[in-house]
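Accompanying notes for the structure given below.
The values are calculated or read from the model by the stated rules, or taken from the named source; none is laboratory data. Since we're looking at a predicted model, the values are computed, not measured. Positions of Cβ are generated from backbone atoms using ideal geometry, with glycine treated the same way; all protein chains shown enter the neighbour counts.
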Amino acid sequence: MQKVVLATGNAGKVRELASLLSDFGLDIVAQTDLGVDSAEETGLTFIENAILKARHAAKVTGLPAIADDSGLAVDALGGAPGIYSARYSGEDATDQKNLQKLLETLKDVPDEQRQARFHCVLVYLRHAEDPTPLVCHGSWPG
């Protein structure tokens, strides 16, 4: 089996991806299991951040890497929270606090103007210097 590092410490993500990719001969391992710290997310887009995370994991481990970045883009907020979705409510953000802040921010926006999209990007790198990462970007309106 080909070992691939997943740029996460989330055991649920690892189980889910390992299950999806097991028929392809891939052994998915969390970066935290290999002693890799999280990469700094300095990108301006979901794609840039996913590439940064995958390159970091691949560079530190010498293995192919997969990374994701995702978030909610609300039209009435100019695309916010966007890449900041996970920490929208601050440093001690939780899903519940982020939701509360979002609803508070949208309190004066009519329901019919509350369109949004959830974006999810997955990036696969064969090695840290891979010049052509495989990028998959899904968007779900709601």
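Anything in the stretch 100-135 that is surrounded by 13 or more Cβ atoms within 10 Å (Cβ to Cβ) and hydrophobic (A, V, I, L, M, F, W, C)? List them, or say none.
L102, L106, V109, A116, F118, C120, V121, L122, V123, L125, A128, V135
Given (1) modelled with pLDDT under 95; (2) more than 12 Å from the chain's Cα centre (by Cα), identify the lone condition not met by T32.
(1)
Please indicate, with yes or no, whether at least one residue in the stretch 67-86 is crowded, with 17+ Cβ neighbours inside 10 Å and of a type in the set (D, E, K, R).
The answer is yes; a qualifying residue exists.
Identify, please: which residue in the stretch 30-60 is among the charged types (D, E, K, R) and without any contact (Cβ under 8 Å) to a residue 40 or more places away in the chain and is, among those, farthest from S85 (Cα to Cα)?
D33
Give me the residue from the stretch 1-56 that is among the polar types (S, T, N, Q) and assigned to a helix (DSSP H, G or I) and, out of that set, farthest from D69 (Cα to Cα).
So the residue we want is S22.
If you scan the stretch 17-29, which residues turn out to be more than 14 Å from the chain's Cα centre (by Cα) and either touching a residue at least 40 places away in the same chain (Cβ under 8 Å) or more than 18 Å from V60 (Cβ to Cβ) (or both)?
A18, S19, L20, L21, S22, D23, F24, G25, L26
Does D130 satisfy the condition of being under 25 Å from R15 (Cβ atoms), out of contact with any Lys or Arg (no Cβ under 7 Å at 6 or more places or on another chain), of a type outside the set (S, T, N, Q) and outside any helix (DSSP H, G or I)?
Working: under 25 Å from R15 (Cβ atoms): no; out of contact with any Lys or Arg (no Cβ under 7 Å at 6 or more places or on another chain): yes; of a type outside the set (S, T, N, Q): yes; outside any helix (DSSP H, G or I): yes.
Taking the combined requirement at face value, the residue does not satisfy it.
Going residue by residue through the stretch 41-56, is there one that turns out to be of a type in the set (S, T, N, Q), under 21 Å from S139 (Cβ atoms) and in contact with a Gly (Cβ under 9 Å, 6 or more places away or on another chain)?
Yes, the stretch 41-56 has at least one match.
Which of (1) surrounded by fewer than 15 Cβ atoms within 10 Å (Cβ to Cβ); (2) within 18 Å of E48 (Cβ to Cβ) does D92 not meet, given it meets every other one?
(2)
Could you identify the single residue in K97, K59, K53 that is of a type in the set (K, R) and within 18 Å of the chain's Cα centre (by Cα)? Working first, answer last.
Details: K97 fails: within 18 Å of the chain's Cα centre (by Cα); K59 fails: within 18 Å of the chain's Cα centre (by Cα).
Result of the check over K97, K59, K53: K53.
Among the residues in the stretch 75-98, are any part of a loop (DSSP other than H, G, I, E, B), in contact with a strand residue (DSSP E or B) (Cβ under 8 Å, 6 or more places away or on another chain), over 17 Å from C136 (Cβ atoms) and of a type in the set (F, W, Y)?
So the first thing to find is which residues in the stretch 75-98 are part of a loop (DSSP other than H, G, I, E, B), and the list is 78-80, 88-94.
If we keep only those that are in contact with a strand residue (DSSP E or B) (Cβ under 8 Å, 6 or more places away or on another chain) as well, we get 79-80, 88.
Imposing the further condition that a residue be over 17 Å from C136 (Cβ atoms) reduces the set to 79-80, 88.
Subsequent filtering for residues that are of a type in the set (F, W, Y) retains 88.
Checked the stretch 75-98: at least one residue is part of a loop (DSSP other than H, G, I, E, B), in contact with a strand residue (DSSP E or B) (Cβ under 8 Å, 6 or more places away or on another chain), over 17 Å from C136 (Cβ atoms) and of a type in the set (F, W, Y).
Check the stretch 58-67 and report whether any residue there is hydroxyl-bearing (S, T, Y), part of a loop (DSSP other than H, G, I, E, B) and at pLDDT 95 or above.
no
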